[in-house]
Amino acid sequence: MHDDTQYASEELKPSAHLSRRTFLGAAAAASAAAVLKPGQLLAQERPWDGSLVSYPDPAIEVIDERFGAYRLANAAVERLATGFRWAEGPVYFGDGGFLVWSDIPNNRQMRWLEDTGEVSVFRQTSNYSNGNTRDREGRLLSCEHDTRRVTRTEHDGAITVLADEFEGKPFNAPNDVIVHPDGGIWFTDPGYGILMHYEGHIADFELPEAVYRIDPDSGQVEKMAEVMKPNGIAFSPDYSRLYVSDTGGTHTPGHPHQILVWDVVDDGTRLANERQFAEVGPGFIDGMAADMDGNLWCGAVFGGLFDAEDHDGVHVYADDGTLIGKIHLPEPCANVCFGGPRRNRLFMTASQSLYAVYVETQGVAVWAGNT
């Protein structure tokens, strides 16, 4: 087991501590109630300052009866922290008792301590990091927008560059990352970090948007699939399928808002049979995490751009692609991960805030230590 200091060097120790948004005015609330679903109305209007919420929490919506088994009647969605600009890439460190995530525009990674609830800066600068996970030895892996690379934080805090180019050309801006049990590191490269200075810097695309794999033995990078805008990435619990959120509709009108899925073949080194897993309707699906039953818990963003006011939050899909439940939040949710001592707490990085809720399932372990 590794303690906290093994994942951050001295300059990365906690150094900085970290409002309820008003969505509808009093005059508009009456008319909005006629068109908004109960869960969405509550998510926008409820006091997210820790005030009491009636059980069961109406922000957790059961769409298909299968989702009922995962909603705890006496567990509420909690806002753990706020004051960020675009929170992304949560990863849980059970052996250290903390959560790390990216605050991309602020060019930093944050840390929330489970025992005390303290929030502090974990790393600054972070090279505008986005997605994070842990490898099979529990080391932190990060996708960096500004440097256009995937890195590993060693146990002593040193940074190792795992990949920064393909066929002699720089990546666009690696976005999200996940690890296969064979040690292979899979990541998406849609290029959002070179479209603006806010989350990286403006630069030209030199590669098509794609999904890549880093071989655990040779370190060689291989292109696995080309996707219009590959974003969040997740394996099924048995690693037989790979899911990727396709957010190509952000820049290509008429492009499907969808999650794609492939079969993982050849001992986890190849993809086959690309197909649509789910059409997600208005808005987009960003980061994702699978539970042990094969459900996909997905960050849902930007429903407001398409007049879909009940979109933002978390969408849960059964393994057959059916939308079975939603967790309504007052902000777009960029990414999720499971954590807690029993991997039954869903952490949600949602725009300016960090949220969490206990659920009656467990997330797939992301590293060999099962945390």
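Brief remarks on what is shown
- Probe 1.4 Å - accessible area at LYS229, Å² to nearest ten: 20 Å²
- Two-site FRET efficiency, ARG275 against ALA69, from Cβ-Cβ distance with R₀ of 22 Å, rounded to 0.05: 0.25
- Segment 158-309, accessible surface, carbon-and-sulfur percent (1.4 angstrom probe): 49 percent
- Positive dipole terminus of the chain, leading residue within THR247, PHE166, TRP262 (C-beta point charges): THR247
- Only helical runs count toward this figure. For the chain, summing -39,500 (n - 2.57) over DSSP H runs of n ≥ 4 and dividing by all residues gives -1000 deg cm²/dmol at 222 nm.
- Using C-alpha pairs under 8 Å with a sequence gap of at least 6, the mean separation divided by the residue count of segment 83-124 gives a relative contact order of 30 percent.
- Against the empirical 2.2 N^0.38 Å (N residues), the chain has a Cα radius of gyration ratio of 0.92.
- Solvent-accessible area per residue for the chain (1.4 angstrom probe, square angstrom): 39 Å²
- For ARG66, the accessible surface of its heavy atoms amounts to roughly 100 Å² (probe 1.4 Å, protein chains only, rounded to the nearest 10).
- The value of relative contact order for segment 94-241, using C-alpha pairs under 8 Å at least six residues apart, is 16 percent.
- Cα gyration tensor shape of segment 308-371, rounded if a/c is under 1.5, else prolate or oblate by comparing a/b with b/c: oblate
- Extension gain for LEU52 to THR361 (0.36 nm times residue separation, less C-alpha to C-alpha distance): 108.8 nm.
- For ASP312, net neighbour charge (Lys/Arg +1, Asp/Glu -1) across residues whose Cβ lies under 10 Å away: -2
- Contact order relative to length of segment 162-226, as percent, for alpha carbon pairs under 8 angstrom and 6 or more apart: 29 percent
- Cα-based Lys proximity count in the chain, under 25 Å, for pairs eight or more positions apart or on separate chains: 4
The values are calculated or read from the model by the stated rules, or taken from the named source; none is laboratory data. The shown structure was predicted, so the numbers you read here are calculated from the model rather than taken from an experiment. Reconstructed Cβ throughout: ideal geometry from the backbone, glycine too, with neighbour counts over all protein chains shown. Each accessible area value is taken on the protein alone, full model and side chains, heavy atoms only, with ligands, DNA and RNA left out. Shrake-Rupley method; radii C 1.70, N 1.55, O 1.52, S 1.80 Å.
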